[in-house]
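To start, the structure under review is shown below, and the notes come after it.
The values are calculated or read from the model by the stated rules, or taken from the named source; none is laboratory data. Just so we're clear, the structure is a prediction, and the values are computed from it rather than from any experiment. Note that each Cβ is placed from the backbone with ideal geometry, even for glycine, and that neighbours are counted across all protein chains shown. Please note that ligands, DNA and RNA were not included when accessible areas were found on the heavy atoms of the full protein model with its side chains. Shrake-Rupley method; radii C 1.70, N 1.55, O 1.52, S 1.80 Å.
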Amino acid sequence: MKIYTLHKKQNLPITKEEAWAFLSSPKNLKTITPDYMGFNILSGADKPMFPGQIIQYIVTPVLGIKTKWVTEITHVKDHEYFVDEQRFGPYALWHHKHFIKEIDGGIEMEDIIDYKIPFGILGQLVHPILVKPKLEEIFSYRTNKLEALFGKYEKA
């Protein structure tokens, strides 16, 4: 069983409060997801984030195949971190930790995603060709979108 990890950091010139307000609202997921993915929240995004929250959405990650994805917010420490885990969807495992910390002149966002591809060895063969590049592309889009929304971080 191969478990992969994607680790990303991004600095933004905003306060921890601004970052938390944006990131802790499930409705903002659509804003930072590429349009071609057809991201559409079905339910669960009507309240601010809380442990036990179930969010259901449709996404089209590859080859135009619509996929239902269900995640649960399992851990929340106000203004510091939250964790979402896939309960149903395209991955055999999806555990996504989001951290926010203050830095000089802004905040640092850190994402650590541990994930497993289904289909055993076939999934492992497809990972470097299809899955990993797609995740890198999605996080690149998110980086650019957050900079467009909040500005580019410049060291003080």
Hey, how many Å between the Cα centroid of region 71-124 and the Cα centroid of region 30-60? 14 Å
With angles folded into 0 to 90 degrees, how steeply does helix 132-150 sit against the dominant principal axis of the chain? Use alpha carbons for both and round to 10. 20 degrees
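How charged is the neighbourhood of Lys97? Take every other residue with its Cβ under 15 Å from the Cβ of Lys97, and add Lys/Arg as +1 and Asp/Glu as -1.
Details: positive: Lys8, Lys9, Lys77, Lys101; negative: Glu72, Glu80, Asp84, Glu85, Glu108, Glu110, Asp111, Asp114.
My count for the surroundings of Lys97 gives -4.
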Excluding near-sequence neighbours (fewer than 8 apart on one chain), region 70-156 holds lysine pairs with C-alpha atoms under 25 Å apart numbering 17
Note on the chain: contact order normalised by length, alpha-carbon pairs under 8 Å, 6 or more apart, percent, works out to 28 percent
Quick one: dipole size for the chain, taken about the Cα centre, charges +1 on Lys/Arg Cβ and -1 on Asp/Glu Cβ, in debye to the nearest 20. 540 debye
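Within the accessible area of the chain, what % is carbon and sulfur when the probe is 1.4 Å and the other protein chains stay in place?
Numbers: 4980 of 8690 Å².
So the carbon and sulfur contribution to the accessible surface is 57 percent.
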Over region 29-109, what is the relative contact order in whole percent, taking alpha-carbon pairs under 8 Å and six or more residues apart? 18 percent
I'd like the Karplus ³J(HN,Hα) series for region 35-47: coefficients 6.51, -1.76, 1.60, θ = phi - 60°, whole numbers in Hz, and an x wherever there's a Gly or Pro. 4, 4, 7, x, 5, 9, 6, 8, 6, x, 9, 8, 10
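Could you work out the helix-only [θ] at 222 nm for the chain, with each DSSP H run of four or more residues adding -39,500 (n - 2.57) and the total divided by the number of residues, to the nearest 500 deg cm²/dmol? Please report the intermediate quantities before stating the final value.
Details: 3 runs with 34 residues, N = 156.
Calculated from helices alone, the mean residue ellipticity at 222 nm is -6500 deg cm²/dmol.
Counting other Cβ atoms within 10 Å, which trypsin sites (Lys or Arg not before Pro) in region 23-120 have at most 11 and lie in a DSSP loop? Kindly include the intermediate steps, with their values, before the conclusion.
Values: sites: Lys27, Lys30, Lys66, Lys68, Lys77, Arg87, Lys97, Lys101, Lys116; in loops: Lys30, Lys66.
Filter output for region 23-120: Lys66.
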Expected vector for region 53-70, Karplus 3J(HN,Hα) from phi with 6.51, -1.76, 1.60 and θ = phi - 60°, integer Hz, x for Gly and Pro, equals 5, 9, 10, 10, 8, 10, 9, 10, x, 8, 6, x, 8, 6, 10, 7, 10, 10
Jot down the radius of gyration and Dmax of region 17-156, Cα atoms only, both in angstrom. 15.5, 48
So what is the accessible area of the chain per residue, in Å², with the probe set to 1.4 Å? 56 Å²
The simple spin-label model distance between Lys2 and Asn40, using points 7 Å out along Cα→Cβ, in nm, is 3.4 nm
